[in-house]
Amino acid sequence: MKLETLALAFLAATAIGGIAWVFLYPLLSGERQAEKRRASFARPEPVRTSVDRSQRSRRQQVESSLKEIEERNKKEKKRPLNMRITQAGLSWSKRKFIVISCVIGFLFFLLTIMFGGSLLAAVAFAFVGGFGVPRWLLNYLKKRREKKFIAALPDAVDVIVRGIKAGLPLFESIKVVAADAPQPLKGEFLAIIETQAVGMPLGEACLRLYERMPLPEANFFGIVVAIQQKSGGNLSEALGNLSKVLRDRKKMAEKIRAMSMEAKSSAGIIGSLPPLMMFLVYLTTPQYISLLWTEPVGRIMLAGCLFWMGTGIFVMKKMINFDF
């Protein structure tokens, strides 16, 4: 009986002690107050000012603008022929370009037949003249035009920044650039002015610059102006930062060009040695080298040499050209 009483007393004391530990100890030890203090430090601010709301809305507008621009650029990766003609700085129509390509292909066909080539070789040269040469010419004119544009764009952006700081509107500053800038920058900014004059917003007109001049620098300029037109902000500061970025990219491109010049010279020497040696051998012993184009086996060997030489030059060009 005494054991049962002691066991019950022990269990009652343990229960009372557990209840006291759970409910009274936090109040006496101050743990609850410490938890409240930690929660007060970790809790986010309950009240957001109007400045925070405006910053969040501006950030959302910027993100939506960037998403729209990225989607538009993805859709416009495959540019039509008339757009490529415009990017090359030519005022030709698509029909005129096709007619000129056909004429060049026909001339290549006639020249191959006149110099004693076979019908298959004449068709191959006509294909190269009709499809390869005109498009190579477009790419060459496009790249030359883009180099001139990149060289003049940082100065134009600086002129716009100075005009905005002096109190001129953005549109008037663009007019100043269009009046004094060299070609092709002058023509592109005149196109922005003409597009805006027919009712298109200025930000949209600046974004159209990337269609005619598919360069990252032109895309940067259009994005900065379009975002500022939609969400506001300090345009002079944004364009000033853009000018610094453009100049840094130009310095980097010149540094890469200087560092790769040795490799380009080596590739040029290696690529020019075989035809130069062929020409020298032809001058000294023409009957020895003429077997390459008078005999069927020699023609096959010559075609293989041209193919592998072209492949080697293409690989060397891809290894030397750097994208950044």
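Multiplying the sequence separation of ARG249 and LEU291 by 0.36 nm and subtracting their Cα-Cα distance, what value in nm do you get? Spell out each step's value before the answer.
Numbers: separation 42, 0.36 × 42 = 15.12 nm, distance 5.19 nm.
Working it through step by step, the gained length comes to 9.9 nm.
Considering only C-alpha atoms, what is the centroid distance from the stretch 222-272 to the stretch 115-137, in Å?
Their Cα centres are 38 Å away from one another.
Would you calculate the volume per residue, in Å³, of the smallest convex hull containing every Cα atom of the stretch 129-278?
With only Cα atoms used, the stretch 129-278 gives 136 Å³ per residue.
Could you work out the relative contact order of the stretch 183-324, using alpha carbon pairs under 8 angstrom and six or more residues apart, expressed as a whole percent?
13
For the stretch 309-321, in order, what is each residue's ³J(HN,Hα) by Karplus, 6.51 cos²θ - 1.76 cosθ + 1.60 with θ = phi - 60°, in whole Hz (x at glycine and Pro)?
Going residue by residue, I get 5, x, 5, x, 5, 5, 5, 4, 5, 5, 6, 8, 6 Hz, with x marking Gly and Pro.
Quick one: which of 163-172, 146-155 comes out on top by average Cβ neighbours within 10 Å, and what's the full order, highest first?
Values: 163-172: 13.8, 146-155: 17.8.
Descending packing order for the listed peptides: 146-155, 163-172.
Given a cut-off of 20 Å, name the pairs among LYS142/LYS186; LYS255/LYS318; LYS165/LYS250; LYS255/LYS317 whose C-alpha atoms lie farther apart than that in the structure shown.
From LYS142/LYS186; LYS255/LYS318; LYS165/LYS250; LYS255/LYS317, over 20 Å: LYS165/LYS250.
Can you give the relative contact order of the stretch 145-251 as a percent, counting alpha carbon pairs under 8 Å and 6+ residues apart?
So the answer I get is 30 percent.
Report the full-extension gain for the segment VAL103 to VAL315: residue separation times 0.36 nm, less the Cα-Cα distance, to one decimal in nm. Walk me through the numbers on the way to the answer.
Working: separation 212, 0.36 × 212 = 76.32 nm, distance 3.14 nm.
That pair, VAL103 and VAL315, stretches by 73.2 nm at full extension.
Give, in nm to one decimal, the length gained when the segment between LEU119 and CYS305 is fully stretched (0.36 nm per residue of separation minus the Cα-Cα distance).
64.8 nm
Kindly put ASP158, ASP248 in sequence by how many other C-beta atoms sit within 10 Å of each C-beta, fewest to most.
ASP248, ASP158
A short reminder: the numbers here are calculations on the coordinates, not readings from a lab. Quick caveat: nothing in here was measured; it's all calculated off a predicted structure. Backbone-built Cβ (ideal geometry, glycine too); neighbour counts: all protein chains shown.
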